[in-house]
Amino acid sequence: MDEIVYVATDWWGFGATLLAGILTAIATMAAVIYTNSRTKKQLREQEIKFENERKEEYKRSKFVVIKPTLMLTTFTGLLDKLIVQNEYDRVLLFSGEDGFEFYDDKQKQCSQICRLLTIENKTDIDISEVVISTKTALRNMDTDALWTYNTNNCASFLRGHESIIIRVADQSQYEKILSMNADNVSSNLNFECRIEYSTLAGQRITYIYEIEIRNDRRIEVKRDGVEDVADITQKVALVPTTFRNLQDSISGIDRSAYSWEKMGQAQMRGIMLQYNMQSTEQNRTLPERADNDGSQQ
């Protein structure tokens, strides 16, 4: 006769095993979720970091510094430079309140030796919304008389290797400087130029150039560098002012013939200078020879 065996079920052990399995599954799932979340966060941080680095690199690649240069010349000499050096980049001439009377008057254009400020974009990168304001104050140090000249010009666009020409002083100040120098009167000319422009990277750059000229000779630079760089999202609203493209003034000139003519004039001046030096030397030695001949007799 078969014997029936009854086995008592260990419900506590079964429950503990089941609970342990559930807890293990929950812990594993939590670990997977945490790991995935951490991985996504790291990937997002790397993506943001890469995007910021890409933006900063783009800003650096489009960063343009326009450094002003001071030069002493006539407007005729400026045109000669463009022709003889065979330059074709646009050179924009901006004016002040007196308009272009100083440029259209041939006598003033040829005779006025004035200081000019060249603002050149020496890079291959274009800039836009260029605003240039200047303040010039000439002071007679003996009488404290003051003559001022201000300009405010705007250009919507300035391509690479293009330049802008602005006078440091107007005709009245220039004549006052000459008269005070002739009379040995101390003078002081303070010139400040503020340049604002936008880059292709959406940055607005402010450059300040300030100098002080004493008796039209000694030049002291007070400020010369970038003052501010700000991110912008919208274009700057401005009304471009009238300017002259100096290349238009020489568009009908045969550059080669003009250059050869200038070279011929320079050679002729050199020959005449050498001839004058030889003539002076001969005139100086003839009396000496005559004196020597007289003393020997």
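No lab work stands behind these numbers, since they all come straight from the coordinates. Here the structure is a predicted model, which is why all the values come from computation and not from measurement. Cβ placement follows ideal geometry from the backbone for every residue including glycine, while neighbour counts extend to all protein chains displayed.
The residues packed around Ile125, meaning those with a beta-carbon under 11 Å from its beta-carbon, carry a net charge of +1 if Lys and Arg are +1 and Asp and Glu are -1. Sorting Cys114, Cys193 by the number of Cβ atoms found within 10 Å of their own Cβ, with the fewest placed first, yields Cys114, Cys193.
Counting other Cβ atoms within 10 Å as a rough exposure proxy, the listed residues Val239, Val84 run Val239, Val84 from fewest neighbours to most.
Could you let me know the centre-to-centre spacing of segment 56-121 and segment 182-255, using Cα atoms, in angstrom? So the separation of the two Cα centres works out to 10 Å.
Put in line by how crowded their Cβ is, counting other Cβ atoms within 10 Å and starting with the fewest, Ile250, Ile119 read Ile250, Ile119. Straight-line cross-link partners of Lys135 among the lysines, defined as a Cα under 19 Å from its Cα and at least 8 positions apart when in the same chain: Lys67, Lys176, Lys222. In sequence order, segment 30-42 has phi-based couplings of 5, 5, 5, 5, 5, 4, 4, 5, 5, 5, 4, 5, 5 Hz under the Karplus curve 6.51 cos²θ - 1.76 cosθ + 1.60, θ = phi - 60°, and Gly or Pro positions carry x. Once the Cα-Cα distance is subtracted from the 0.36 nm per residue extended length, the Val84 to Ser37 segment shows a gain of 10.0 nm. Listed values for segment 227-236 are Karplus-derived 3J(HN,Hα) couplings in whole Hz (6.51 cos²θ - 1.76 cosθ + 1.60, θ = phi - 60°), namely 9, 7, 10, 10, 6, 10, 10, 10, 6, 7, and x replaces Gly and Pro.
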